[in-house]
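J.: Mind having a look at this structure? Questions to follow.
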Amino acid sequence: MGKKNNHARLLMLILVISMITTGCGGSPSNTGVAQNKNSDLTEWSFSKDISDPLKATAGGDDVTIGDLDTYGVLVHIPGGTFEEPTEVTLVNPDDVPGYYQDEMDGLGAPISISVGEGPVRLMQPVTVTMKYNPDELSEDYESGALYFGYFNENEWQYIKADVDRETETMTFTTSHFCLFSKAKLSMDERVDQYVDNEAVADWLKDQTNSMTDEALNSAIEHILIDNLKIKDKSMIGQIYNSVLEDDEWSSMVDSIKNGDPAMFNQNLQVLLGKKIVENVPASTLSSALEALTGELGIDTVEKASEAAGYVAEGRYKDAAKIIGEHIADKFMITKVGKFAVAAIEGQIQSWKSEEVEAAYQAFKNGASSSVPWWGYQVEKENFEDVWSQMGGAARQLEIEAIRLQNEARADAGMDPLTKEEENKIRAGVKKDLEKEFKSRIQKDAEIEKKKAELQMIMEMYKESGFMEKGRWGWTDSYELETRLDVLMHFKDKLLKDTGRKTIKSGDFHNEEAVAIEQLKTIAMGWFSTDDPDERQKVYEEFLQSEFGISLYPTATELNGVWSSAALIITEFDIGPPPEASGSSESSGEMGCDLSDIDIYNMVKAGLEEQKNQPLAVGMEVSLNASGSGTLSIIDEEGDKSEFAASYNNGLLSASGVIEGTGLTMQGTITKNNDAIALTGSFKMDLSDQAWIKGTWTGNK
């Protein structure tokens, strides 16, 4: 096969690709107040590993105290933990307060770390590692049960441990010194810890709207001000409000809440193109498009001219498609979703830190030397005091925020943050935390209400045996927290599919809530079998009988042109590079001939550039009532490529061949009120050994 034919096949491949892809609980207010417990105090029994106090002076350099082999504990103190050289003492105390066995079992010898009298906050996070003895635990102990206890002068509180089962060690970081212990938490206490975290996480997810709204505003300003040079603020606000009022926007925000930036990114550029054309006067938009210069690239200028022509002809849909795909910087659009997800995940993870929860409780209630609270001495609702005393906890938040943003930047193909950008992140961490502290005070009643709901759900799950290993399909690989995650996700699925917001007590649902007994019934049906088809059948029948809900839209409801659809290449394999001779004997019968080394490298480079970049496509579905028909991909000229399609029980499939290139697509269809959404995957078979895979989404 000659090189001319090779180039023809390469052009065909590019055309096809372009067409297809164009603190930890409690409160300082409770200090000094006896808690109601279900058991008597258990006295601590232990033998000392540290017979004489261990001392070290901590200053500008890192120091360690202790030794794992000799004393069973090692404390690492970073340089700068104290403003001046300070002597630190590590000891096994003589007397240790008792504990309640319905909360925990004490393990080994507690430790006390101190720097003189009274509480102290640390300027850097200090790492504490302790050995634990597996003989003190049951044979099937779970790593998630191992915590550190901290005594707050009134009761034990708990700090999650990082457990290394190979070295039999437990590790945590602390920003204050006091009395610590190793502990194995009871199932009930672990559930309580989980509920506290989930209630706060739910509240934080509700803050997602403000984050995505800010991302939306920056994306609109990027297109209008930076690219189209339209600086009318009222017009920007009009487009912004128009997007917020669109039903599609709410489903996009949900994808961000669920940690899926791809869905958000794929739909954002399409939606923005549509809203810009709808809200910017035709004369203004045409002038802006015609005035674009080569700074944005020749291809962009050509597309802008084409879009201006469409505006003049009244072909607004075609103009919107070009603006969304070509005037909007795909790189910028892609990073918007990634950064929003990183920021939200960072907030949720930070609030799971006992140190952040403790700082909030000190902020909410105040703390003094006479009523110690994690070493704080602050006035009520004085954030500056709290932040200055957070010390190492604050530094850890800054480090995590910078790490998450750098990961998101690397994923988006960007350079790491500069020092100046890192400093902006640090300032943002403080500002955001203050905003969250003040917001949470206003929302604490709602958070407590959510805790009560979660506790009711957990009690039902516990009584029904859903938390026990060996039942309902739980194997040893599922630790308690993982089991709880699965159960919570199932609850969330039921709420989403029924359009309800909460779980309520009783047997019967209402317009806002699913009844706890209904959740129990369908959970038993779902988890009683491992067969996914049987699970789905039981679930669908339950929704129909209890709520009158058909989970999937009918085939004919899918018909017509979809408001948005997009594909994104996630992986590909075009085989090993060919011999430099350019021999084509090994080329396959289907698709593109990649046997020429130059063509091979061009195709590979092109695919790498397209990878993880969401590209909008036109899509039209035509099915009969039984679910058979066609799915069409529409190019920029309006030409259609038809594929045989079928639809059954929420699964839409399509397949066909374009110029020798095989394409298969499969997606799950869901319906929420009048909005229909598709999430799935596609595969292109370029030859016998070369393929491209990716995700497929759409909204109607």
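The values are calculated or read from the model by the stated rules, or taken from the named source; none is laboratory data. Here the structure is a predicted model, which means the values were calculated and not measured. When we count neighbours, we look across all protein chains shown, and the Cβ atoms used for this are built from the backbone with ideal geometry, even at glycine. The area values use the complete protein model at the heavy-atom level, side chains included, leaving out ligands, DNA and RNA. Shrake-Rupley method; radii C 1.70, N 1.55, O 1.52, S 1.80 Å.
J.: Can you give the accessible area of S632 in Å² (nearest 10), computed on protein heavy atoms with a 1.4 Å probe?
T.: Approximately 10 Å² of S632 is accessible to the 1.4 Å probe.
J.: Continuing with this model, one more query. Counting only protein heavy atoms, what percent of the accessible surface of the chain is carbon or sulfur at a 1.4 Å probe? Walk me through the numbers on the way to the answer.
T.: On the way: 14840 of 32460 Å².
Percent of accessible area from carbon and sulfur atoms in the chain: 46.
J.: Still on this structure: Have a look at Y158, A654, H76 and report the one farthest towards the positive end of the charge dipole of the chain, computed about the Cα centre with Cβ charges (Lys/Arg +1, Asp/Glu -1).
T.: A654
J.: Tally Lys and Arg at +1 and Asp and Glu at -1 over the other residues with C-beta under 12 Å from the C-beta of L607: what net charge comes out? Kindly include the intermediate steps, with their values, before the conclusion.
T.: Numbers: positive: K604, K611, K693; negative: E571, D573, E608, E609.
Result for the neighbourhood of L607: -1.
J.: Shifting gears a bit: Over the stretch 609-672, what is the mean sequence separation of C-alpha contacts under 8 Å (at least six apart), divided by residue count, expressed as relative contact order in percent? Display every interim value, and only then the final one.
T.: Numbers: 99 pairs, mean separation 12.8, N = 64.
Reported as a whole number, the value is 20 percent.
J.: Dipole size in debye (nearest 20) for the chain around its Cα centre, Lys and Arg Cβ +1, Asp and Glu Cβ -1? Walk me through the intermediate numbers first.
T.: Numbers: 65 positive and 120 negative charges, 343 e Å.
Roughly 1640 debye, rounded to the nearest 20.
J.: Leaving out ligands and nucleic acids, note down the accessible area per residue over the chain with a 1.4 angstrom probe, in whole Å². List each step's numbers first, then the result.
T.: Details: 32460 Å² over 700 residues.
For the chain, the per-residue accessible area is 46 Å².
J.: Can you spot the lysines whose alpha carbon is less than 19 Å from K501's alpha carbon? Ignore those fewer than 8 places along the same chain.
T.: K205, K257, K443, K449, K450, K451, K491, K493, K520, K671
J.: Among S528, G106, A605, which residue has its Cα furthest toward the positive end of the charge dipole of the chain, with +1 on Lys/Arg Cβ and -1 on Asp/Glu Cβ?
T.: Towards the positive end, the residue furthest out is A605.
J.: Further question on the same structure: What is the Cα coordinate range of the chain on the first, second and third principal axes, sorted by size from largest, in whole angstrom?
T.: Its Cα atoms span 86, 60, 59 Å along the three principal axes.
J.: A follow-up question, please. List the trypsin sites (Lys or Arg not before Pro) in the stretch 380-485 that DSSP assigns to loop (not H, G, I, E or B) and whose Cβ has at most 16 other Cβ atoms within 10 Å. Which are they?
T.: Values: sites: K380, R395, R403, R409, K419, K424, R426, K430, K431, K435, K438, R440, K443, K449, K450, K451, K462, K469, R471, R483; in loops: K380, K469, R471.
Passing sites in the stretch 380-485 are K380, K469, R471.
J.: Okay, next question. Would you please name the GluC sites (Glu not before Pro) within the stretch 123-223 that are DSSP coil residues with at most 14 other C-beta atoms within 10 Å of their C-beta? Provide the component values of the computation, followed by the final result.
T.: Working: sites: E136, E139, E142, E153, E155, E166, E168, E189, E198, E214, E221; in loops: E139, E142, E153, E155, E166, E168.
Sites meeting the loop and neighbour criteria: E139, E153, E166, E168.
J.: Which of the lysines could a cross-linker bridge to K611, judged by Cα under 20 Å and excluding same-chain residues fewer than eight apart?
T.: Hits, sequence-local ones excluded: K330, K335, K338, K683, K693.
J.: K55: which lysines have alpha carbons under 24 Å from its alpha carbon, excluding same-chain residues fewer than 8 sequence positions away?
T.: Straight-line reach from K55, under 24 Å: K131, K182.
J.: Output ³J(HN,Hα) for the stretch 614-628: one whole-Hz value per residue in order, computed from phi by the Karplus curve 6.51 cos²θ - 1.76 cosθ + 1.60 with θ = phi - 60°, and x for Gly and Pro.
T.: x, 10, 6, 9, x, 9, 9, 10, 9, 10, 8, 4, 7, x, 9
J.: Now a separate question. Please list, in chain and number order, the residues 5+ apart from K504 or on another chain whose amide H is under 5 Å from its amide H, with Hs placed from the backbone.
T.: V514, A515, I516
J.: Okay, moving on. With a cut-off of at most 12 other beta carbons within 10 Å, and DSSP calling the residue loop, which trypsin sites (Lys or Arg not before Pro) in the stretch 113-207 qualify? Please list them.
T.: Values: sites: R121, K131, K160, R165, K182, K184, R190, K205; in loops: R165.
Answer by residue number: R165.
J.: Further question on the same structure: Placing +1 on the Cβ of each Lys and Arg and -1 on the Cβ of each Asp and Glu in the chain, which of G470, S681, L404 has its Cα farthest towards the positive end of the resulting dipole?
T.: S681
J.: Once you list every other residue whose beta carbon is under 10 Å from the beta carbon of S143, what net charge do they have if Lys and Arg are +1 and Asp and Glu are -1?
T.: Working: positive: R165; negative: E142, D162, D164, E479, E481.
Net charge around S143: -4.
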